[in-house]
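Report on one structure; see the data block that follows.
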Amino acid sequence: ARYGNNSGQKYTVSGGTKQSRFSSFTTISHRRKDTYTISDDSETERTIINPDGSTSKDVSSYSSTIRGYQIWDASQKFGYAFTDQLKGEIKGTYYRNKRDNATANAKTNDIFSNYTISARLNYLFNADHRLDFSYVFDNYRKDIDYFLAGYSKKNYENFVQTARLNYTGNFNDRHTFTAGVEANFEYLKHYMFKDSTNYNQQSYVIYLQEDWKVSDKINVIAGVRTDYHSKYHLRVTPKISAMYKPVELLTLRAGYAQGYRTPTLKELYEEYDMGGLGMFTIHGDENLKAENSYQFSLSGEVNKGIFYASLSGYYNKFKNKIILGTLEYIEDGKRMPDMKYMNSDNSESVSMEAIARIRTDCGLMLQGSYAYVHEKEEYQGYNLSLTRPHSVTFNASFQHKFGKVDTSVALYGQWSSKLHTNQYDATEHTITEYNYDARTICTLNTSARFPRGISVSLGIDNLFNYKDKSADAGIQIPEQGIGFIGTVSINLADLFKL
């Protein structure tokens, strides 16, 4: 059981058994949180760049309503070992989220539901060779709950089926070879499609990978993936990475990989009157090109005793990246700014991350990381990226046993740099500058585990009472100040010595 601010609650019950070759595990949980509103205490000033290049000022205060929810989760897994070599598993999950409507005096709520059925078979030829088969059926839907009238209506349904056969073999302790085939089938019925119709697509995959231990100091992984899509046909994407360990404490890595993404059914076929008021329409594009990406990476790691550190760098380049852009046309003498999925010009990003960690035998762990991201997502020369360029995380924890009681205390924090970005207004054809403050969020957790399976934890969320402005809801859920969390866990098998 867990309880936090805004009546945030979570209750979970789970149980399992293993009898000879048969096993079973069941979990049921319920989560809920109340709707709340954040309002700005003071006005925010923004600069607006007009189409003729002139500027003006906007001074406003804002409020944001964060929707409450009631979520039920359930899962059931059965496993059976037919022989020592052949094992099977079947699992079912169910999810239901009844989300409050943020509008005052609303007459409807949204209900999201999802269920999955998955099956897996594993056959072990011997210690070095195995064959795995898996199948997943995933169904997701959205209903509008007209709770005053006492009925609901489905307006979205998506199901995906994936089947995969994978072989892994180890040869001479130097080569690990992986090969597999995969089939994907997708069906989507969406209220954003014209006449709420449905579409489907299929894709088939063959992949190969070789993990070669060249020597005790050098390791190379090379792979290739072939995709065949029902609309976009054949595409081959390779990858290669290498690891070099010149001395025991130092590890160096380098890699290159290509990525490939076909447009979603919504990006291809959407035709949605936003809000149902005829203000503007979001269009898909059946002629979209598939998105391609290329990544180069370099990293180094130092691991000596209680100390670990790493430094990584990445360069990503995109071709035909799929974005949601503006589409303008004239209707009844008025300019109508619609939105349309389209392929952008080439875009790129550069990032790096540094991590350092100290873990002592006495239970003390200290870790810190720094990340930098430079992302270009430009429109008319203005960067529209919502990614904060700098971030720092830190974590300190201590574990100790007092008699028969295991205790721990942990402090986690994240600092994110300020962000300057821009937003394009398709109605007024203006660029508005947005400035978000730097933010520091810290969480303190303490816990104690007692004999007979009883655990208690107390936490303080947003330790230093940091508050975002409501206007920050454009890039994150605003923090509204300090919060307190309490959790109790009881292991009944240990409590009653089952």
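Checked against (1) over 23 Å from the mean Cα position of the chain (by Cα); (2) open to solvent by 60 Å² or more (accessible area, probe 1.4 Å); (3) modelled with pLDDT under 95, PHE82 passes all but a single condition, namely (3). Being in contact (Cβ under 8 Å) with a residue 60 or more places away in the chain, among the acidic types (Asp, Glu) and open to solvent by 40 Å² or more (accessible area, probe 1.4 Å), is that true of even one residue in region 192-200? No, every residue in region 192-200 fails to be in contact (Cβ under 8 Å) with a residue 60 or more places away in the chain, among the acidic types (Asp, Glu) and open to solvent by 40 Å² or more (accessible area, probe 1.4 Å).
Table: residues versus (1) touching a residue at least 12 places away in the same chain (Cβ under 8 Å); (2) closer than 30 Å to THR17 by Cβ; (3) among the aliphatic types (A, V, I, L, M).
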| site | (1), (2), (3) |
| --- | --- |
| GLY68 | yes, no, no |
| ASP73 | yes, yes, no |
| GLN76 | yes, yes, no |
| ALA81 | yes, yes, yes |
| LEU86 | yes, yes, yes |
| ILE90 | yes, yes, yes |
| TYR115 | yes, yes, no |
| ASN122 | yes, yes, no |
| LEU131 | yes, yes, yes |
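The set of residues from region 237-260 being surrounded by fewer than 16 Cβ atoms within 10 Å (Cβ to Cβ) and under 26 Å from the mean Cα position of the chain (by Cα) comprises PRO238, ILE240, ALA254, TYR256, GLN258, GLY259, TYR260. Number of residues in region 207-231 that are basic (Lys, Arg) and under 16 Å from TYR260 (Cβ atoms) equals 2. In region 279-288, the qualifying residues are those that are surrounded by 15 or more Cβ atoms within 10 Å (Cβ to Cβ) and not aromatic (Phe, Trp, Tyr), and the one that is modelled with the highest pLDDT is LEU288. Answer yes or no: is there a residue in region 43-50 that is at pLDDT 85 or above, of a type in the set (Asp, Glu) and assigned to a strand (DSSP E or B). No.
The rows are residues; the columns are (1) open to solvent by 40 Å² or more (accessible area, probe 1.4 Å); (2) out of contact with any Asp or Glu (no Cβ under 9 Å at 6 or more places or on another chain); (3) not hydrophobic (A, V, I, L, M, F, W, C).
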site: ASN158; (1), (2), (3): no, no, yes
site: GLN161; (1), (2), (3): yes, no, yes
site: ASN170; (1), (2), (3): yes, no, yes
site: HIS175; (1), (2), (3): yes, no, yes
site: VAL181; (1), (2), (3): yes, yes, no
site: LEU188; (1), (2), (3): no, no, no
site: GLN202; (1), (2), (3): yes, no, yes
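Taking the criterion of being loosely packed, with under 12 Cβ neighbours inside 10 Å and out of contact with any strand residue (DSSP E or B) (no Cβ under 7 Å at 6 or more places or on another chain), the residues of region 14-50 that qualify are LYS18, GLN19, SER20, ASP41, SER42.
For the residues THR178, THR197, the requirement of being more than 30 Å from VAL247 (Cβ to Cβ), more than 26 Å from the chain's Cα centre (by Cα) and not small (Gly, Ala, Ser) singles out THR197.
Out of all the residues in region 116-129, which are farther than 15 Å from THR162 by Cα, part of a strand (DSSP E or B) and in contact with a Gly (Cβ under 8 Å, 6 or more places away or on another chain)?
First, the residues of region 116-129 that are farther than 15 Å from THR162 by Cα: 122-129.
From what is left, the residues that are part of a strand (DSSP E or B) are 122-126, 129.
Those that are farther than 15 Å from THR162 by Cα, part of a strand (DSSP E or B) and in contact with a Gly (Cβ under 8 Å, 6 or more places away or on another chain): ASN122, HIS129.
ASP41 meets all of the listed conditions (1) without any contact (Cβ under 8 Å) to a residue 60 or more places away in the chain; (2) within 25 Å of TYR135 (Cα to Cα) but one, namely (2).
Criterion first (within 30 Å of GLU353 (Cα to Cα), touching a Ser or Thr at 6+ places or on another chain (Cβ under 9 Å), at pLDDT below 90 and not hydroxyl-bearing (Ser, Thr, Tyr)) does ASP425 satisfy it? The answer is no for ASP425.
Pick from region 369-420 the residues that are touching a helix residue (DSSP H, G or I) at 6+ places or on another chain (Cβ under 9 Å) and open to solvent by 70 Å² or more (accessible area, probe 1.4 Å): which of them is nearest to GLU301 (Cα to Cα)? Here the answer is LEU386.
Looking only at residues of region 422-476 that are touching a helix residue (DSSP H, G or I) at 6+ places or on another chain (Cβ under 9 Å) and closer than 20 Å to THR47 by Cα, we find that the one that is surrounded by the most Cβ atoms within 10 Å (Cβ to Cβ) is TYR436.
Which of the residues belonging to region 1-13 are of a type in the set (S, T, N, Q) and either surrounded by 15 or more Cβ atoms within 10 Å (Cβ to Cβ) or touching a Phe, Trp or Tyr at 6+ places or on another chain (Cβ under 8 Å) (or both)? The answer is ASN5, ASN6, GLN9.
Going through (1) open to solvent by less than 40 Å² (accessible area, probe 1.4 Å); (2) out of contact with any Phe, Trp or Tyr (no Cβ under 8 Å at 6 or more places or on another chain); (3) among the basic types (Lys, Arg) one by one, LYS213 falls short only on (1). For region 120-127, indicate whether the set of residues that are more than 26 Å from LYS91 (Cα to Cα), surrounded by 15 or more Cβ atoms within 10 Å (Cβ to Cβ) and of a type in the set (S, T, N, Q) is non-empty. Scanning region 120-127, I find no residue that is more than 26 Å from LYS91 (Cα to Cα), surrounded by 15 or more Cβ atoms within 10 Å (Cβ to Cβ) and of a type in the set (S, T, N, Q), so the answer is no.
Where in region 317-363 are there strands (runs of 3 or more DSSP E), lying fully within it, with 2 or more residues that are over 24 Å from ARG388 (Cβ atoms), open to solvent by 40 Å² or more (accessible area, probe 1.4 Å) and at pLDDT below 85?
Because the criterion is at least 2 residues that are over 24 Å from ARG388 (Cβ atoms), open to solvent by 40 Å² or more (accessible area, probe 1.4 Å) and at pLDDT below 85, the strands (runs of 3 or more DSSP E) in region 317-363 that meet it are 322-331, 334-343.
Restrict the check to region 97-104 and report whether at least one residue is modelled with pLDDT of 95 or more and under 27 Å from the mean Cα position of the chain (by Cα). Within region 97-104, none of the residues are modelled with pLDDT of 95 or more and under 27 Å from the mean Cα position of the chain (by Cα). With respect to (1) exposed (fewer than 11 other Cβ atoms within 10 Å of the Cβ); (2) over 26 Å from LEU419 (Cβ atoms); (3) among the aliphatic types (A, V, I, L, M), the lone exception for VAL59 is condition (2). Are any of the residues in region 75-91 of a type outside the set (Asp, Glu), out of contact with any Pro (no Cβ under 9 Å at 6 or more places or on another chain), over 30 Å from ALA163 (Cβ atoms) and in a strand (DSSP E or B)? Within region 75-91, not a single residue is of a type outside the set (Asp, Glu), out of contact with any Pro (no Cβ under 9 Å at 6 or more places or on another chain), over 30 Å from ALA163 (Cβ atoms) and in a strand (DSSP E or B).
The values are calculated or read from the model by the stated rules, or taken from the named source; none is laboratory data. For clarity, every value in this text was computed on a predicted model and none was experimentally measured. FYI the Cβ positions are ideal-geometry reconstructions off the backbone, even for glycines, and counts take in every protein chain you see. Side chains included, ligands, DNA and RNA excluded: accessible areas come from the protein's heavy atoms. Shrake-Rupley method; radii C 1.70, N 1.55, O 1.52, S 1.80 Å.
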